[in-house]
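Asks: Mind looking over this structure? Questions follow.
The values are calculated or read from the model by the stated rules, or taken from the named source; none is laboratory data. Being a predicted model, the structure only gives us computed values, none of them experimental. When we count neighbours, we look across all protein chains shown, and the Cβ atoms used for this are built from the backbone with ideal geometry, even at glycine.
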């Protein structure tokens, strides 16, 4: 695909909101920051493992993992600061606490929150200043909440990490997820709702369907704000299935699930063309992860526009969206309009 204008000029002065969690939004944000658009990254606060879990247990703070990754993705302040925020202390051999196993970025955000009298939004603003971010990062909620999954066999799993990792920890056939929900009504971050309502483009994903993306839609008012926004809603479909979450899912299954929790449809879906190096397929198959079949004809019955392109990075040792290719696919309609 050939473009006549530089990608950084395409969304000048447009308000772009990304919604997700985990490592998925990193590809979008790390390339989107090269544009001149007004970026707001809204991230899930359902993380319940690792350093985030310990800070929650020890200090009663919200999980910072997804916030940290979005801040790093948007950072323009050089490699050093990004490395500082990503640095993780080695776990103590004796299993004792202290800083062992903690992410330094999480500790910095925790310290900034303390400095600001417990105000997390003020702490994020300070972190954005330190990292000289190319946009804003907002938590989808400021409430403590627990993600739960009801399985088809009637079992209920509590905690994002337990849902996320059950495919690694449990052998044999796994009961599919029937639904996910939050353990109690959860109020939204009003700044996040405002960003959604004022957006020109809303990018949902990529990311783990049930543990990174849908938790955002479960927060009160968020799905409604997305539905009512005049923004174009773009969904970036996953590249691979995930054992215990999306076994056997085709692209249309991902889209239908997003629509179910959104209570409406998106405007455009981006799909990878399905090609992967055979060596990578073998590696992922050993973990019971397989390429998401881009059944575009079925997806076309669900949304107005479907884009099928090569969206992965060439010559890499893992399956990930290529940041530049992904953002260029998002921007394609604006290029055509220019």
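Asks: Please determine whether any residue of the range 284-302 is in the same structural domain as residue 232 (by TED's automatic domain parsing), part of a helix (DSSP H, G or I) and within 30 Å of residue 172 (Cα to Cα). First the steps, then the outcome.
Replies: The first filter runs over the range 284-302 and keeps only residues in the same structural domain as residue 232 (by TED's automatic domain parsing), leaving 284-302.
After this cut, where a residue has to be part of a helix (DSSP H, G or I) as well, the list is 284-285, 296-299.
The next check asks that each one be within 30 Å of residue 172 (Cα to Cα); those that pass are 284-285.
There is at least one residue in the range 284-302 that is in the same structural domain as residue 232 (by TED's automatic domain parsing), part of a helix (DSSP H, G or I) and within 30 Å of residue 172 (Cα to Cα).
Asks: Checking residue 118 against (1) at pLDDT 90 or above; (2) surrounded by 14 or more Cβ atoms within 10 Å (Cβ to Cβ), only one condition comes out false. Which one?
Replies: Failing condition for residue 118: (2).
Asks: Across the range 304-315, which residue is modelled with the highest pLDDT among those that are surrounded by fewer than 18 Cβ atoms within 10 Å (Cβ to Cβ) and part of a loop (DSSP other than H, G, I, E, B)?
Replies: Out of the qualifying residues, it is 304.
Asks: I've got another one for you. Residue 220 fails exactly one of the following numbered conditions: (1) at pLDDT 95 or above; (2) in contact with a helix residue (DSSP H, G or I) (Cβ under 8 Å, 6 or more places away or on another chain); (3) closer than 24 Å to residue 142 by Cα. What is the number of that condition?
Replies: Exception for residue 220: condition (2).
Asks: In the range 316-324, is there at least one residue being without any contact (Cβ under 8 Å) to a residue 60 or more places away in the chain and outside any loop (DSSP other than H, G, I, E, B)?
Replies: Residues of the range 316-324 that are without any contact (Cβ under 8 Å) to a residue 60 or more places away in the chain, as a first pass: 316-318.
Of the ones still in play, those that are also outside any loop (DSSP other than H, G, I, E, B) are none.
There is no residue in the range 316-324 that is without any contact (Cβ under 8 Å) to a residue 60 or more places away in the chain and outside any loop (DSSP other than H, G, I, E, B).
Table: residues versus (1) at pLDDT below 95; (2) under 20 Å from the mean Cα position of the chain (by Cα); (3) surrounded by fewer than 18 Cβ atoms within 10 Å (Cβ to Cβ).
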{"residue": "235", "(1), (2), (3)": "no, yes, no"}
{"residue": "263", "(1), (2), (3)": "no, yes, yes"}
{"residue": "277", "(1), (2), (3)": "yes, no, yes"}
{"residue": "282", "(1), (2), (3)": "yes, no, yes"}
{"residue": "285", "(1), (2), (3)": "yes, no, yes"}
{"residue": "289", "(1), (2), (3)": "yes, yes, no"}
{"residue": "302", "(1), (2), (3)": "no, no, yes"}
{"residue": "326", "(1), (2), (3)": "yes, yes, no"}
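Asks: On the given criteria, is residue 53 surrounded by fewer than 22 Cβ atoms within 10 Å (Cβ to Cβ), more than 20 Å from the chain's Cα centre (by Cα) and either modelled with pLDDT under 85 or at negative phi (or both)?
Replies: no
Asks: For the range 181-230, please list each of the helices (runs of 4 or more DSSP H) lying entirely inside it that holds at least 3 residues being in the same structural domain as residue 38 (by TED's automatic domain parsing) and buried (at least 23 other Cβ atoms within 10 Å of the Cβ).
Replies: Working: elements: 190-198, 214-218, 222-228.
Of the helices (runs of 4 or more DSSP H) lying wholly inside the range 181-230, those with at least 3 residues that are in the same structural domain as residue 38 (by TED's automatic domain parsing) and buried (at least 23 other Cβ atoms within 10 Å of the Cβ) span 190-198, 214-218.
Asks: Say whether the condition of being modelled with pLDDT of 95 or more, in contact with a strand residue (DSSP E or B) (Cβ under 7 Å, 6 or more places away or on another chain) and closer than 25 Å to residue 135 by Cβ is met by at least one residue in the range 159-182.
Replies: No - not one qualifying residue is present in the range 159-182.
Asks: Of all residues in the range 144-167, which are in a loop (DSSP other than H, G, I, E, B) and buried (at least 19 other Cβ atoms within 10 Å of the Cβ)? So that I can check it myself, show each step before the final result.
Replies: Taking the range 144-167 and keeping what is in a loop (DSSP other than H, G, I, E, B), we get 144-146, 152-155, 159.
Within the range 144-167, 145, 159 meet the criteria.
Asks: Restricting to the range 60-85, and then to whatever is at pLDDT below 80 and under 23 Å from residue 164 (Cβ atoms), can you tell me which residue is surrounded by the most Cβ atoms within 10 Å (Cβ to Cβ)?
Replies: Here the residue is 63.
Asks: Also: Go through (1) in contact (Cβ under 8 Å) with a residue 60 or more places away in the chain; (2) out of contact with any strand residue (DSSP E or B) (no Cβ under 8 Å at 6 or more places or on another chain); (3) assigned to a helix (DSSP H, G or I) and name the single condition residue 141 misses.
Replies: Answer for residue 141: the failing condition is (3).
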